[in-house]
Structure formats: structure tokens, C-alpha cells
Amino acid sequence: MTPDTSTTLGAPPETAPTDRRAGRRRGRAATRRRRVVLTYIGLTVAAAAAVFPLLFMIFSSFKPDRQIFADLGSLRAFLPVGDLTIDNYVGVFNRVPAAQFLTNSIIVTVCIVLLGLIVNSMIGFAISRMRWKGKNVVLSLVLATLMVPFETIAVPLVFWVAKMPSIQWVVDGFLVKQGMLNTYQVQILPYVANALAIFLFAQHFGDIPKEIDEAARVDGAGWFTIYRRIIVPLSGPTFATVAIIMMLPAWNSYLWPLMVVQEESLRPVSVGMQYFFQLNPVWGQIMAYGTLITLPMLILFIIFQRSFVQSLAGTAVKG
């Protein structure tokens, strides 16, 4: 008679593999928990690095200079504590024509964004939807301009805009004169065409099935009708993303308006910052002015944040 080996060897042989699998599951669960914890720690540190300078600027704008320097060595610098007042904001408007600077920046930025959306989306449409020779070469040349820093072409560009005609509004109507310096046009036109915007539009328009174009053309629609009534309504997130991409450099532009605009009544907010460093800098007023020119862009980004992330994520997935 054969003896029962499972009984003679002690522990049942089936339970050992089960224990090993359970151990591996516990190990994988612990590894996932550690990854989640490390991910949240990293995100928290990155968020703090991005948010704390903004908090310091905003809360310091309500403090006098002596308190700003007294709080620098503690967390009080990032908190709305102490002697809070709006005197710095009053001082900003007394020291510089901040309202005029803000108005100029709004005019320039809105024109750049509106014209940029129209021009760049049409170029992206022509590259991605229409059939013509050399469009890949054109797209490559457009993308190549991303590698050219603006500072390298700034001086030649000043020479050319000084020779180009400009249109100004006078009492009797429009006046055409030579030279774009000291105008809104010289602050707007160089920023309308944007290589990154063209690339994003071409990428997104290329994802839309081209059978739609063929069906529309069978019904008698032209290219502009297809662009305006079919492609544009399907591309809301991309338009929002491009609007933000074009808005930020237009609003923050400093070097170009400093070179081409000498009249104070046409200067944007970024150039206005230099007024505070000419005589006896008042850091509370500098923080107040920085808050005034930062909050509009921050609010717009928060409003369009979902569309911005969605469009960039879709472009990244496509590669």
C-alpha cells in the first residue's frame, strides 16, 4: 500500500505557490503605492515652485517695503499677513500711465491673436487639406524658423519696418506715410505669422477625415466654405490653444516694442516696468505693477486650460 506523501511531508504542496503569488501581488501593490506617493510628492514640489513666486508677488504688492524685507526669511512672505494696504496700487497709477499701457497691450494682443488665428489657420488648412506641390517643403521651412532666435533678426527687421508704409487715422481720413515706427502696426504685424501655430493647425486639420472635403465638394462647396463651415467648427480646442500660445509672447513682448516705439502713449505694459527702476525703486509698487500685468494672462489661461491641455495632448500623441 502506497503511503500518503502529502501527510508525511507536513505542509500541503499546493499552498506554497499560492503564498508566492500572494506575496508577489502584495509586492506589486506596495510598489504602486510608492510610485503614487513619489509622483504626488514631485507634483507638489513642482506646483510649489510655480505657485510660490506668484503668491510672493501678489501678497507683497499689499505690503510696504519694510515689511517685504522683514518677511523675506520666513513663510510670512507667502502669506497675506501684517500691514496690508492698497497704497502700492495707488502709487503705480500715480507713477506711470498704467491704464494707457494696459490699453495699448490689450489692443496689440487682441489684434495679434485675431489676425494670427485667421492667417495661421488658413496656412495650416492649405498645407494639410489642399493638394499642391511643395507643401511639405513649405512646412519644413516654416518649422525651421523656430530654430532662429528673434534677437538675430531684430535689427534687420527694424530697418525694413522703417522703410515700409503705414496707415494712420487723421481727422480727414486715413493717411499713408513711410515708416512704421511708433505705430500699433509695427507691434502687431511681425507677430501675426507663427510657425508653432501653423504646425498645430496643420496637425489637427490633418486628423480630420478628408472624405468630408470630397462630400462637401460634391455638394458644390469651395475650399473657403469647407474651411469656414466644416473645419473651423471642428477645431475649437486647437483655436483656444493657439490663442494662448500667441497671446503670451504678444503680452510679454519687451525687446521689440522697446526698439520700435519711442512714444510713451504707444508703449505696452512690459516696457512700462523699466519706469520703476529709474529712480529709487519701490518694491511694493513693482510687485503691484507685476500683479496687474500678470493676472489677465493667468485668468485667461485658467479659463482655457482644459482646451489647452486637450489640444497639446492630442498633438503629442500623434507625434
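Couple of notes before you dig in:
- Scope the range 54-72; condition loosely packed, with under 14 Cβ neighbours inside 10 Å, farther than 10 Å from Gly284 by Cβ and at pLDDT 90 or above; matching residues: Phe69
- The condition (being farther than 28 Å from Gln262 by Cβ and touching a residue at least 24 places away in the same chain (Cβ under 8 Å)) is satisfied by just one residue among Phe201, Phe150: Phe201.
- Residue ranges of helices (runs of 4 or more DSSP H) in the range 202-284 with at least 2 members under 30 Å from Asp71 (Cβ atoms) and touching a helix residue (DSSP H, G or I) at 6+ places or on another chain (Cβ under 8 Å): 236-252, 269-272
Each row is one residue, and each column tells you yes or no for (1) within 30 Å of Gly206 (Cα to Cα); (2) crowded, with 16+ Cβ neighbours inside 10 Å; (3) at pLDDT 85 or above.
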| residue | (1), (2), (3) |
| --- | --- |
| Gly222 | yes, no, yes |
| Val232 | yes, yes, yes |
| Ile302 | yes, no, no |
| Val317 | yes, no, no |
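- Gln262 satisfies every condition listed in (1) polar (S, T, N, Q); (2) touching a residue at least 60 places away in the same chain (Cβ under 8 Å); (3) open to solvent by less than 70 Å² (accessible area, probe 1.4 Å) except (3).
- Taken together, the criteria place Ala193 among residues that are small (Gly, Ala, Ser), open to solvent by 60 Å² or more (accessible area, probe 1.4 Å) and under 23 Å from Phe150 (Cβ atoms).
- Gln310 vs. criteria in a helix (DSSP H, G or I) and at pLDDT below 85: yes
- Taken together, the criteria exclude Ala11 from residues that are small (Gly, Ala, Ser), surrounded by 10 or more Cβ atoms within 10 Å (Cβ to Cβ), over 30 Å from Thr294 (Cα atoms) and at pLDDT below 90.
- Residue in the range 266-277 that is modelled with pLDDT under 85 and hydrophobic (A, V, I, L, M, F, W, C) present: yes
- Scanning the range 205-220 for residues that are open to solvent by 50 Å² or more (accessible area, probe 1.4 Å) and in contact (Cβ under 8 Å) with a residue 12 or more places away in the chain gives Asp207, Lys210, Ile212.
- The set of residues from the range 161-189 being polar (S, T, N, Q) and either loosely packed, with under 11 Cβ neighbours inside 10 Å or part of a loop (DSSP other than H, G, I, E, B) (or both) comprises Gln178, Asn182, Thr183.
- Thr103 falls short on exactly one of the conditions (1) closer than 30 Å to Thr183 by Cα; (2) open to solvent by less than 60 Å² (accessible area, probe 1.4 Å), and that condition is (2).
The values are calculated or read from the model by the stated rules, or taken from the named source; none is laboratory data. Note that the structure is predicted; figures quoted are calculated from it, not measured. In this analysis, Cβ positions are derived from the backbone assuming ideal geometry, glycine residues included, and neighbour counts consider all displayed protein chains. Calculation scope for accessible area: heavy atoms of the full protein, side chains included, ligands and nucleic acids excluded. Shrake-Rupley method; radii C 1.70, N 1.55, O 1.52, S 1.80 Å.
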